[in-house]
Amino acid sequence: MDNQDQLHGSIVVNIFRCSNLLERIGRKLVSEAGLTSVHQWFILSALSNGDLSLKQLGKNTLVTKQNMTGMIERLKQGQYVTTYEAQGDRRVTLVSLTDKGKQALHHLDSCGIANNEASFEHIKLEELSSFNKCLKQLIENMDDK
């Protein structure tokens, strides 16, 4: 195993460690907002710019259609979202935020900002920008497989 292989392995391990910490923090925040999973937060965030189809939501959040359907049903039961048929194609289901969903998202975003400030406190803006670019490329590389 050469240095590059070791570096790749170390990065993967650190991403998993970071993911575990983010999941722990996220579960606490979503619980305070009345949601049951971090993925529900992702869905509400994806809907913040407008209504999306189940297919678009799945693509944006990297969640399978089967899992997305169940998550949307639970969000509907909690009155965070509503669904309706697309006007031009009744086979397409669109999802929309309700007022309760918007309130939950506002609460999560407010709490998230405070957590993010603490998490990124000693990292320069240029480093964050470069890191974000690398993460996007990594996601794109893995999503192609």
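Read-outs: derived from the displayed coordinates by stated rules, not from any lab. Keep in mind the model is a prediction, meaning the values are calculated, not measured. Quick reminder, even Gly has a Cβ in these numbers, built from the backbone with ideal geometry, and neighbours come from all protein chains shown.
At a glance:
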read-out	value
Karplus-derived HN-Hα couplings along segment 111-119 (A = 6.51, B = -1.76, C = 1.60, θ = phi - 60°), whole Hz, x at Gly and Pro	5, x, 4, 4, 5, 5, 4, 5, 5
Rounded, prolate or oblate (a/c below 1.5 giving rounded, otherwise prolate when a/b exceeds b/c) for segment 1-58 by Cα gyration tensor	oblate
Euclidean distance of C-alpha centroids, segment 70-118 and segment 121-139, integer Å	27 Å
Sequence of Phe120, Phe42 once ranked by neighbouring C-beta atoms within 10 Å, starting from the fewest	Phe120, Phe42
Computed Rg/Rh of the chain, alpha carbon atoms with Kirkwood Rh	1.03
Crossing angle, helix 3-32 versus the chain [Cα axis fit, 0-90 degrees, rounded to tens]	40 degrees
Value of relative contact order over the chain, rounded to a whole percent, pairs C-alpha under 8 Å and six or more apart	19 percent
Net dipole in debye of segment 6-95 [+1 Lys, Arg Cβ; -1 Asp, Glu Cβ; about Cα centre; nearest 20]	200 debye
Charge context of Leu97, other residues only, Cβ under 14 angstrom, K/R +1, D/E -1	0
Cut-off under 5 Å, modelled amide H: who pairs with Phe120 long-range	none
Nearest-ten-degree value, helix 65-77 long axis tilted from longest Cα axis of the chain	60 degrees
